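Notes follow once the structure below has been shown.
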Amino acid sequence: MADFAKDNAASTPRTIYLKDYQPPAYLVDEVSLRFELEPATTRVNSRLVVRRNPGAETSDGALQLHGQNLELAAIQVNGAALDEADYQLDDEQLLLDGLDDGAVIEIETLIHPDTNTALEGLYISSDMFCTQCEAEGFRRITYFPDRPDVMTRFTTTLVADKARYPVLLSNGNPVDQGEMEDGRHWVTWQDPFPKPSYLFALVAGNLYCQEDSFRTRSGRNVTLKIFVEPENRNKCDHALASLKQAMKWDEDTYGREYDLDIFMIVAVNDFNMGAMENKGLNIFNASCVLASPETATDADYYNIQSIIGHEYFHNWSGNRVTCRDWFQLSLKEGFTVFRDQEFSSDLNSRPVKRISDVNVLRSFQFAQDASPMAHAVRPDAYMEISNFYTVTVYNKGAEVVRMICNLVGREGFRKGCDLYFDRHDGQAVTTDDFVAAMEAANGIDLTQFRRWYSQAGTPVIGASGQYDAQTRTYRLTLTQQCPPTPGQEHKEAFHIPVELALLDSSGQPLALQLEGESSPAGNHRMLELKQTSQQFEFTGIREQPVLSLLSGFSAPVKLQMERSDEELAFLFAHDPDSFNRWNAGQTLASQTLLQLIEQVQQNATLSLQDNFVQAFRKTLQHADLDHALITQALSLPSESYLADQCASVDVDAIHTAREFMRKQLAEQLYDSFLDVYRNPGPDKPYRFDAASMGRRSLRNLCLSYLLESGSDEARELCLSQLQHTHNMTDTLAALSSLSQHNWPERVEQLNRFYDRWKPDPQVIDKWFSIQAGSRLPDTLQQVESLLTHPAFRITNPNKVRALVGKFCMGNQVRFHSSDGEGYRFLTDRVLELDSINPQMAARLVSALSRWKRFDSERQGLMQNELQRILAVTGLSRDVFEIVSKSLD
Ligand SMILES: [Zn+2]
């Protein structure tokens, strides 16, 4: 891989290209690290044993050691100290020439954890030392070939004051420890598995440990430990239970066992990401691991289970088999997201999981595909890799893996995975290697399919069907095209699995026989669309069928198809595929909302058709449906999803139309909502299972509709729920519905909630978020004043996400207010954050990157703010990349 250095001649960050990849000149078989941990200055000694890489392209390349913000205190090769003439050093790297195989390099560096606010490398969070090394944080700890294709065995010794830092952790197994006369103690950890430096971790602090164990299917006992700050000792049970579920599931589903004697999780308050899969020592954002019924919602419980699973599954898909370079990030992330989605589906409700995953994809990934930041699942260029931890690499990457599974079937997929792990255990490989294993195990050709990795953009599938009653044939024509994205004007046809069924007039799927087949086989099919236009002819179809297309969302595409409201209402009531049934309801709601949006724009009187209201009523009263599914079906498409459906985004019209529909439904279905809300009543005590979660979600959805009616009765119900409930799900649902209304109780209840929960930072994040998400007109002023609230800290990513992130990414109508104040607010925060935490600043600024989608006045306002950022000297590479690409 090319170096990551900034071009000295200009301040423009250099672009790194996949096509420039080169294997490393040297490999590092062993490294010993010694940390003398002090917040102000930590001394790091490293000892590397290197040898020439037999796979390198030339035999005379220099050893490249990356390093950023380091003080080099000493360097020796084979015991002899070097002076400055013996190496090349700049602010990105250290180069050493002419080393023999087996050369021993000893380096001493000094670093400053207590001033590290970027939260990459070694830093302090709540008086605890911790690390984050993915993607390129290890180079902020010591000089090292900080690239994933250099896999090394690590031995790590931590030295620290015993009273202040009684717990000292690193990867692998503890092998030795001792005490020193000056009050310090030390522990040595050894990781027997070679790993890239991005998987290195250490933690030191005063931590409470909850312990458990897991017996693997081959009979080994693994010790499980969760470390948290002492005040969080009651919040570990769910994470431990989830971990054991994940370990069991990976054995049952993929035949993968855990490989060390100990597995540790540490909860940290200041963390840029959700969690990190460091070998044997996962570090978690506290919000993604701590839970109790009083403080965490169902959504929190659900996410914790899924993220614990995700990080655990990385032990195989990511750690044992890792990425060759960062362009291959989706090799581990797409595959592991797919694995965690399946884990959640197996443990909870599969259709509900699928619906929520597709919602994320459509609301955020499709939007990214339509923006200047559009990129392929395997990007071919970047300036700052941190900017590519995206919904495209993660969520669309998971869809690509899911499509392979759709094409080869469950069994074939498992065979492919077995072969992949077999072939590549202990290696750093590419997405191509993954696909090649699937091909070899299943005897198929996925050459055309690989375009999903290299081409960006959301393909659009067109579908039209013709029924011939005389010949009893149904002819389906499918077409595909993909809009241009930056750097990719023209797209080649994708290989798309399209699952379908044909339904008779009672909603039953018909037996399917394609032309040329001797007899019908099954009542649903996975068609393979490979050309820009293709026809499929079904024979023996006894009546005009209703097409149920893209069942289970078998491919991440947009569907373009003429559908009458009657046909959609029929599918909403009858489709046997739960996903398609929900999708028909969403499409019907979107079509109706798009008509309302037009009415708003023409100043016409708004009206909602009765058949739409009746379809909702029927679903609400459907006794056999899973409660969680009813909740999903009755939740209207989000404002951001509707924005994606419009040629030009009119945020105010979208908001007005959607609010009108909610109010109409609330008034016309008031009694039905009330019935469902009252029956069966709240759950006591709290239980985390699919049925209880479904019940709570439906009751709380009903409550939010009831409040839209504005009735005193509804208000009383909401206040009573706030007063009597003992779980955070019901409390938060009531409070967030209430916070949408400008009633006197609003402020009173928000204050009461704050007073009750102020010692708990996770709960206070929710409090910030509720206020930032309010549709009330003065929300921006509220958010601005909360910036100076004693509980807010701009250096804490969770606080920034909860307040600033929620307002800018989750409150479309207020953020995009026509006076441009929302954009100005965001820009001020981005500039403030860029010198503190560039990763967080870059994530926020992407809210401005879709400016072309809005009216000309907003376009101008957003461009001005982007220009204001670009004019600042010394911008981080992270922010520069997003802003410059957005303006391109
Ligand atoms: Zn991951």
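Using Cβ contacts closer than 10 Å as the measure, can you line up ASP100, ASP577 from fewest to most? Kindly include the intermediate steps, with their values, before the conclusion.
On the way: ASP100 10, ASP577 23.
By the 10 Å Cβ count, ascending, the order reads ASP100, ASP577.
Calculate log10 I(q)/I(0) of region 224-307 for q = 0.15 Å⁻¹, where I(q) comes from the Debye formula with a single equal point scatterer on each Cα and nothing for solvent.
At q = 0.15 Å⁻¹ the computed log10 ratios are -0.53.
Could you state, as a whole-number percent, how many of the C-alpha pairs of region 393-445 are farther apart than 13 Å?
Above the 13 Å cut-off, region 393-445 has 56 percent of its Cα pairs.
Expected output is a single nm value to one decimal: the length gained when fully extending between GLN781 and ASP97, i.e. 0.36 nm times separation in residues minus the C-alpha distance. What is it? Walk me through the numbers on the way to the answer.
On the way: separation 684, 0.36 × 684 = 246.24 nm, distance 5.88 nm.
Length gained between GLN781 and ASP97: 240.4 nm.
Quick one: length gained pulling SER720 to ARG542 fully straight, 0.36 nm per residue minus the C-alpha distance? Kindly include the intermediate steps, with their values, before the conclusion.
Values: separation 178, 0.36 × 178 = 64.08 nm, distance 5.62 nm.
Stretched fully, the SER720-ARG542 segment lengthens by 58.5 nm.
Set the bar at 18 Å for Cα to Cα. Now go through LYS766/LYS806; LYS19/LYS195; LYS279/LYS799; LYS332/LYS396; LYS766/LYS799; LYS491/LYS558 and name every pair that lies beyond it.
LYS19/LYS195; LYS279/LYS799
Just want to confirm a number: the relative contact order over the chain, from Cα pairs under 8 angstrom separated by 6+ residues, in percent. Numbers along the way, then the final one.
Numbers: 1688 pairs, mean separation 72.5, N = 888.
About 8 percent, as a whole number.
Suppose every Lys and Arg Cβ carries +1 and every Asp and Glu Cβ carries -1, with no other charges. What dipole size does the chain come out with about its Cα centre, to the nearest 20 debye? Write down the numbers at each step before the final one.
Working: 85 positive and 122 negative charges, 354 e Å.
That gives a dipole near 1700 debye.
Which whole-Hz couplings ³J(HN,Hα) result when phi for each residue of region 662-668 is put into the Karplus expression 6.51 cos²θ - 1.76 cosθ + 1.60, θ = phi - 60°, listed in order with x for Gly and Pro?
Working through the residues one at a time gives 4, 5, 4, 4, 4, 6, 6 Hz.
Per Stokes-Einstein, at 10 °C and 1.306 mPa s, what whole-number D in µm² s⁻¹ belongs to region 397-549, with the Kirkwood radius over Cα pairs as the hydrodynamic radius? Walk me through the intermediate numbers first.
Numbers: Rh = 17.5 Å.
So the translational diffusion coefficient is about 91 µm²/s.
Could you compute Rg(Cα) / (2.2 N^0.38 Å) for region 408-474, with N its residue count?
The value comes to 1.67.
Listing LEU65, LEU703, LEU780 from the residue with the fewest other Cβ atoms within 10 Å to the one with the most, what is the order?
Ascending Cβ contact count within 10 Å gives the list LEU780, LEU703, LEU65.
If r is the Cβ-Cβ distance from ALA623 to SER533 and R0 is 60 Å, what FRET efficiency results, to the nearest 0.05? Write down the numbers at each step before the final one.
Details: r = 44 Å, r/R0 = 0.73.
Between ALA623 and SER533 the formula returns 0.85.
Please list the three semi-axes, largest first and in whole Å, of the ellipsoid equivalent to region 606-728, using sqrt of 5 times the eigenvalues of its alpha carbon gyration tensor.
Semi-axes from the Cα gyration tensor: 27, 16, 16 Å.
Rounded to the nearest 500, what is the 222 nm mean residue ellipticity of the chain from helices alone, with -39500 (n - 2.57) per DSSP H run of 4+ residues and division by all residues? Please report the intermediate quantities before stating the final value.
Values: 28 runs with 337 residues, N = 888.
So the helix-based figure for the chain works out to -12000 deg cm²/dmol.
Restricting the count to DSSP beta bridges whose residues both fall in the chain, what percent are antiparallel, rounded to a multiple of 5?
Details: 99 of 123 bridges.
Given both bridge residues lie in the chain, the antiparallel proportion sits at roughly 80 percent.
Relative to the longest principal axis of the C-alpha atoms of the chain, give the angle of the C-alpha long axis of helix 397-424, reported between 0 and 90° and rounded to the nearest 10°.
The angle comes out near 30 degrees.
With a ≥ b ≥ c the root eigenvalues of the C-alpha gyration tensor of region 351-436, is it rounded (a/c under 1.5), prolate (a/b larger than b/c) or oblate? Write out the running numbers ahead of the final one.
Numbers: a/c = 2.68, a/b = 1.27, b/c = 2.10.
Oblate, since a/c reaches 1.5 and b/c is not below a/b.
So what are the ³J(HN,Hα) numbers for region 499-504, from phi and the Karplus equation (6.51, -1.76, 1.60; θ = phi - 60°), rounded to whole Hz, Gly and Pro as x?
Each residue's phi maps through the Karplus curve to give 8, 8, 9, 10, 9, 7 Hz.
Using 5 Å bins from zero, what percent of all Cα-Cα pairs in region 49-135 falls into each bin?
All Cα pairs considered, the percentages come to 3, 11, 19, 20, 16, 14, 10, 5, 2, 0.
Give the Cα extents of region 166-276 along the principal axes, in whole Å, largest first.
50, 32, 27
Could you tell me how many cubic angstrom of Cα convex hull volume region 649-791 has per residue? Intermediate results must be reported in sequence, preceding the final value.
Details: hull volume 18.9 nm³, N = 143.
Taking the convex hull of the Cα positions in region 649-791, it is 132 Å³ per residue.
What does the C-alpha gyration tensor say about the overall shape of region 767-888? Classify as rounded when a/c is under 1.5, otherwise prolate if a/b is larger than b/c, or oblate. Mind showing how you got there, number by number?
On the way: a/c = 2.07, a/b = 1.16, b/c = 1.78.
Taking the square roots of the gyration eigenvalues as a ≥ b ≥ c, region 767-888 is oblate.
Given just the C-alpha atoms of region 213-253, how large is their convex hull per residue in cubic angstrom? Don't jump to the answer; show the numbers that get you there.
Details: hull volume 2.2 nm³, N = 41.
In region 213-253, the Cα hull volume divided by residue count equals 54 Å³.
When the C-alpha atoms of the chain are aligned to their principal axes, what extent does each axis show, in angstrom, from largest down?
Here the spans come out as 88, 69, 60 Å, largest first.
Within the P(r) computed for region 639-679, what percentage of the Cα pairs occupies the region above 14 Å?
On the way: 466 of 820 pairs.
Roughly 57 percent, rounded to a whole number.
Values quoted throughout were computed directly from the atomic coordinates according to the rules given, and no laboratory measurement underlies them. Here the structure is a predicted model, which is why all the values come from computation and not from measurement. FYI the Cβ positions are ideal-geometry reconstructions off the backbone, even for glycines, and counts take in every protein chain you see.
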